[in-house]
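Okay, so here's the structure we're looking at.
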Amino acid sequence: MSTPHFSLVLKRNCSMSPKALAGVFAALALLVLAIGAGFAALGAWLILPFAGLEVLLLGAAFVLYARHAADYEKVELESGRLTVEVAEGERTARYQMDGARVSIEEGRIVLRDAKEELEVGRHLGAEARAELAAELEEKLIRGRLT
């Protein structure tokens, strides 16, 4: 198996791992429930159900974050074939395009060939996306000339 001429993995910029974030959410949940229990002990028992609801919403936010923390896009150009693997949540899809027929749209990186259209670089900022577009276009043009 030969080495790809171009290979790049694009991932989300996650400032905290899901494990570290779970610790923060657990500490927040304990704090909220402790405050709610304190008010309930003082006679304001109606605070406790709202504290429970807040903990439930914190848990839902954690699950949404953790589900997409490992999303990525893997772009490879090898022997004139452009392969893009996209992982979003539980799904992983693989797209293959003929490098000679792929075009790149300005502003966004939309790879188009005769059959498919695919946007890549969604996890990048505007400047990094422009750099990726230029590099990918250069590799595609160089591949067409060889």
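Here are a few things to note about the model shown:
- Enumeration of residues in the range 53-92 that are of a type in the set (A, V, I, L, M) and closer than 30 Å to R112 by Cα: A69, A70, V75, L77, L82, V84, V86, A87
- Test for V24: is it open to solvent by less than 30 Å² (accessible area, probe 1.4 Å) and not charged (D, E, K, R): no
- The range 77-94, subset at pLDDT 90 or above and of a type outside the set (A, V, I, L, M, F, W, C), residue surrounded by the most Cβ atoms within 10 Å (Cβ to Cβ): E85
- Test: residue in the range 104-117 that is buried (at least 16 other Cβ atoms within 10 Å of the Cβ) and basic (K, R): no
The values are calculated or read from the model by the stated rules, or taken from the named source; none is laboratory data. Because the structure is predicted, anything quoted here is derived from the model rather than measured. Every residue, glycine as well, gets a Cβ built from its backbone with ideal geometry; the counts of neighbours run over all protein chains shown. For accessibility, only protein heavy atoms count, side chains too; no ligands or nucleic acids. Shrake-Rupley method; radii C 1.70, N 1.55, O 1.52, S 1.80 Å.
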